[in-house]
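Heads up, the thing below is written out as structure tokens.
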């Protein structure tokens, strides 16, 4: 992991602060593995309480969607922080998740999300959810997120995101 230069933000820590702001992520134990100005990787640990199908031990699809949405949102927040040096929020406008196969029980799920385009009003993202190998995905996602601007961010949220 690269050490940020003076004046730069450690985007892995920044993404984790964003994830930690979300009650559902705290409850699910989602953590940031890595982040950069374009991407994040989040990890969802396997837990029996998130099983959607008790007979098989497979994780509920809603939890997988939550991981995808959070990873995409975190990628946008990091891209905006890098591009503008400001703390911005970007609510989900649209998120499509295509499920390809069920997660293997008792293994964590990872999500690699990339913010591939920023406009003045919308951020565009894509993501891959996987377990052992990103080339064997469980699901993929594409989405768009609305930029609402730094002026609508509360002082408390800004301070929390900046590590204060």
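No lab work stands behind these numbers, since they all come straight from the coordinates. These numbers were taken from a predicted model, which means no experiment stands behind them. FYI the Cβ positions are ideal-geometry reconstructions off the backbone, even for glycines, and counts take in every protein chain you see.
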Worksheet item: Between residue 106 and residue 122, what length comes free when the chain is fully extended (0.36 nm per residue of separation minus the Cα-Cα distance, one decimal in nm)?
Response: 2.1 nm
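Expressed as a fraction of 2.2 N^0.38 Å, the rule-of-thumb size for a compact globular protein of N residues, what is the C-alpha radius of gyration of the chain? Could the numbers behind the result be given before it?
Working: Rg = 15.6 Å, N = 164, 2.2 N^0.38 = 15.3 Å.
Dividing the Cα radius of gyration by 2.2 N^0.38 Å gives 1.02.
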Worksheet item: Just 58, 77, 97 to compare: in a GNM of the chain, with alpha carbon springs under 10 Å, which one fluctuates most?
Response: 58
Discussion item. Could you identify which residue out of 72, 115, 25 has the top mean-square fluctuation in a GNM of the chain using Cα springs shorter than 10 Å?
Written reply: 25
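Given a Förster distance of 35 Å, report the FRET efficiency between residue 152 and residue 27 from their Cβ-Cβ distance, rounded to the nearest 0.05. Walk me through the numbers on the way to the answer.
Details: r = 26 Å, r/R0 = 0.74.
E between residue 152 and residue 27, to the nearest 0.05, is 0.85.
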Item to complete: Determine the calculated [θ] at 222 nm for the chain from helices alone, applying -39500 (n - 2.57) to every DSSP H run no shorter than 4 residues and normalising by the residue count; nearest 500 deg cm²/dmol.
Response: -9000 deg cm²/dmol
Worksheet item: So how tilted is helix 11-21 from the main axis of the chain? Cα-based, degrees 0 to 90, rounded to 10.
Response: 70
Worksheet item: Rounded to the nearest 0.05, what FRET efficiency do residue 94 and residue 55 have when you use their Cβ-Cβ distance and R0 = 41 Å?
Response: 0.80
Item to complete: With springs only between Cα atoms under 10 Å apart, run a GNM on the chain and tell me which of 75, 15, 141 wobbles the most.
Response: 141
